[in-house]
Structures are given as C-alpha cells and as structure tokens.
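Undergrad: Sending over a structure as structure tokens; questions will come in a sec.
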Amino acid sequence: MSKKREVYFITGGCGFIGSNFIHYLFELHGQNVFVINYDKLTYAGNPENLKSVEERENYRFYKGDICDQELVERIFNQYQPDYVINFAAESHVDRSIGNPEDFIRTDTLGVFYLLEASRKHQIKRFIQISTDEVYGSIQEGKFTEESGLFPSSPYSAGKAGGDRLAYSYYVTYNLPVIVTRASNNYGPYQYPEKLISLFVTNALDDKSLPIYGDGKNVRDWLFVKDHCSAVEFILRNGNDGEIYNVGGNCEKENLEITREILKATGKEESLIKWVKDRAGHDRRYALDDNKLVSLGWNREYTFEQGMAETVKWYTENRKWWEPLKSGEYLEYYKSHYGEEL
Ligand code: NAD
Ligand code: DAU
C-alpha cells in the first residue's frame, strides 16, 4: 500500500450514512484514497451496502467494536490513518428508550476509545459525527452552533457525551477534532425503522404507516448525499475545534411527510394509522447552518429530488430491504407498535 494515499479510518461504514459516505469517497477520489471500514455489524450494519466496493484494492473491512481498544489500536498501528471519521453509533431513538445501555456504551464510551487511539498517532483530523438532537427541541427560531445542549432521549444524551468528549480532546490534547451536527437524513440504504425508510417500504407493501401522537412534530430533512458532501467538505475546509451544523433547510411536519410518501408511492390515506406518542418526543428540530454555508458548502438536492431518488431506490431494491423485515425485526415491530407488520 502506498503511503502517499490518504488513509481514512471510517467507523460504522456498514450503516446508512457511513456506507453512503464510502461510496461518495470512491466516486470523488477513486484510487487516490485508502479506506478502512470498521464496523461491529449490529442489526443496523449491512455488508450488502458495500458489495460493489468490497473487491477494491484500496478498501478493507474489519468487523469490530469501537469499544474494543486493543483491536482499534492494532489497526491504527498497521495503517496509520490520516483521517478518523466516527459514524458508528446506536442511532434509533425508539430503541434507546427500551434499551439505553448500548447507546451510552457506543455513543459516549466508544468515542473515548477512538479519541485515545487517535491521540497516540499523528492523525490529521478526527471528525465526530454528532447530531442536531443534542440541542433538544426548539419551539421557534433555529439552533446555531452556540446554542446550549439539552438532549432529551438516552440516544441524544449519549451522543452529547461523545460530542463534548471529542471537543475536550481538542482543548486538552490539541487533537485536530471537528464536530458535525446534522439534521434528519433520508435516502438509500437506510434501515427500515426510521420515519421515511419505514413509511416508504410499508407503503410499497400496503402496510399501515404508524404516526406518533398528533403528527405535528417537525424535523428538518437532509438528503444523505448532501450530508456526505458536507462531511468531506468539512474534513478539507473546516477548522480544528469547531462545530458545524449541517441542515436540510427543509422543515416538515410528520403528517406532511407521510402524505408526500403516500403520493409518491401512489397509495391511499387510509394506510395512515395513529399510534401512541413516543416517550419524551422532541417537538421540533431546526438548524441554522450559515456557518458551513459561508465556508462555501452548498446542498445539491431539493427535497423533491431527494425524495424522488429515495422512493425510486426502495422501489427498485426490494431485494435489499425485504430480508431485513424478518426475524428480530418483526419481534421489535410487534412489541413497539403493538401489532404484527
Ligand atoms: P445506522 O444505525 O444506520 O448505522 C450505524 C452503524 O454503526 C451500523 O453499521 C452499526 O453496525 C455500527 N455500529 C454500531 N455500534 C457500533 C460499535 N460499538 N462499534 C462499531 N460499529 C458500530 O446509523 P446512521 O443513521 O447511518 O447514523 C450514522 C451516524 O450519524 C451516527 O453517529 C448518528 O448518530 C449520526 N446521525 C444520524 C442522522 C440520521 O438522520 N440518520 C442524523 C444526524 C446524525
Ligand atoms: O435529527 C437527527 C436524528 O434523526 C438522528 O440523530 C437520529 O439518528 C435519527 O434516528 C433521527 O431521529 P428522529 O427520532 O428524529 O428520527 P425518526 O425517523 O425515528 O423519527 C422522525 C419523526 O417521525 C419523529 O418525530 C418521530 C416520528 N415517527 C417515527 C417513526 C419511526 C413516527 O411518527 N412514526 C414512526 O413509526
């Protein structure tokens, strides 16, 4: 392996955003990068997402836990990564309500082990992929990077732990850390448990779309490919110790999104099912990402383009998501929604 190529150590690369990011990197840099994908392969990690790149000479996959300090160190020693990008996380709010421990372990403690390995090596940049959920809920206006952190679920509290721990390594050890806080992503390869991926796949199968509470909670929707371009842009152009919000500039109530999904899949409103609200359900997220935009990054996708690409992808890739909706998934679905899928 030629050391001239920049080496990326990417965690959680078999998940939704991580796998989109690896595809994006190869499209952008081709042979000029060397990518290590380190992933525990939890229920949300799917090697199928990277089938088309697994034979590449400049790609390696390691199955491992970010909390496995020894294995992380061994891989760092072998490859001497230039960049560490931590996508690995337990990421689903609903699951964090039933089983918080894994979230604290991976989303806070796991970040600690990666930071420790990174400070022993001459890495050029450590990007901690955080989330807008660390800010909590906002009734009016938008969160800036200066806003206070009021995470309200075990997931977002665990992410806030990792977010601030990463910052502390910049202040204390001069580790070149940057923290990103993105809004709700949607797009190809998203495990069918999140609002858009679940509702699109359920609609395609004429199954009900379970809306929590009154359906008026608001999220800011970001197409995953725009998130990927933002992360790479920040890696190259961001400043150490900084936080960058990455928004979609696209606020929508859940009911509105649901209706758009029904329209895009050609299904009737009768599929809507009103269900019990999520415990501690954040009412609204809204991000001000002017800091990143003034640095020169721009979104490429409108919501209409992103949704059209997403619905097309799930329609054409049943082979990807149908096997996921089986076994443990069906048990989770029944215990969570109170009915069979
Ligand atoms: P995901 O659940 O689809 O993927 C997470 C990946 O991390 C999986 O491949 C899983 O196997 C892996 N993983 C989990 N625990 C691990 C561990 N202990 N060690 C190694 N690998 C582990 O998540 P996603 O939606 O792709 O989110 C990626 C990152 O982006 C997360 O850090 C999440 O907090 C953040 N984020 C997500 C969104 C969103 O809307 N999905 C928005 C903002 C930020
Ligand atoms: O904002 C960024 C965050 O977005 C990420 O950090 C998280 O990893 C990601 O999971 C996502 O969290 P949310 O809780 O906002 O996403 P989710 O898709 O679970 O829910 C979006 C909205 O839809 C929320 O108001 C809850 C609602 N919802 C969700 C599901 C799964 C429903 O009404 N019904 C559902 O079945």
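The values are calculated or read from the model by the stated rules, or taken from the named source; none is laboratory data. Values in this document were obtained by computation on a predicted structure and should not be read as measured data. Neighbour counts are summed over all protein chains in view; Cβ atoms, including those assigned to glycine, are modelled from backbone coordinates with ideal geometry.
Undergrad: Taking the stated definitions as given, is Arg181 in the same structural domain as Leu28 (by TED's automatic domain parsing), basic (Lys, Arg) and crowded, with 22+ Cβ neighbours inside 10 Å?
TA: In short, yes.
Undergrad: Right, next: Restricting segment 156-211 to residues that are among the aliphatic types (A, V, I, L, M) and within 10 Å of ligand 2 (Cβ to nearest atom), which is farthest from Leu292 (Cα to Cα)?
TA: Ranking the candidates gives Leu209 first.
Undergrad: Let me ask you something else. With in the same structural domain as Cys67 (by TED's automatic domain parsing) and within 11 Å of ligand 1 (Cβ to nearest atom) as the only criterion, which of Gln139, Gln128, Gln122 stands out?
TA: When all the criteria are applied, what remains is Gln128.
Undergrad: Let me ask something else about it. Mind listing whichever residues of segment 79-102 are among the small types (Gly, Ala, Ser) and either within 10 Å of ligand 2 (Cβ to nearest atom) or surrounded by fewer than 21 Cβ atoms within 10 Å (Cβ to Cβ) (or both)?
TA: Those that are among the small types (Gly, Ala, Ser) and either within 10 Å of ligand 2 (Cβ to nearest atom) or surrounded by fewer than 21 Cβ atoms within 10 Å (Cβ to Cβ) (or both): Ala89, Ser91, Ser96, Gly98.
Undergrad: List every residue pair whose Cβ atoms sit under 7 Å apart, with the two residues 6 or more apart in sequence or on different chains, where the first one lies in segment 64-83 and is assigned to a helix (DSSP H, G or I) and the second, anywhere, is β-branched (Val, Ile, Thr).
TA: Val72/Ile66; Ile75/Ile36; Tyr79/Val7; Tyr79/Ile36
Undergrad: Tally up the residues in segment 14-43 that are aromatic (Phe, Trp, Tyr), surrounded by 23 or more Cβ atoms within 10 Å (Cβ to Cβ) and over 15 Å from Thr106 (Cβ atoms), please.
TA: Result for segment 14-43: 3.
Undergrad: Out of (1) within 30 Å of Ile123 (Cα to Cα); (2) surrounded by fewer than 19 Cβ atoms within 10 Å (Cβ to Cβ), what's the single condition that is false for Leu255?
TA: For Leu255, the exception is condition (1).
Undergrad: Something else now. Among the residues of segment 185-208, write down those that are crowded, with 23+ Cβ neighbours inside 10 Å, within 13 Å of ligand 1 (Cβ to nearest atom) and not hydroxyl-bearing (Ser, Thr, Tyr).
TA: Hits for segment 185-208 are Asn185, Gly187, Gln190, Ile196.
Undergrad: Here's a follow-up. So, Ala182, is that one touching a helix residue (DSSP H, G or I) at 6+ places or on another chain (Cβ under 8 Å) and closer than 17 Å to Tyr285 by Cβ or not?
TA: The answer is yes for Ala182.
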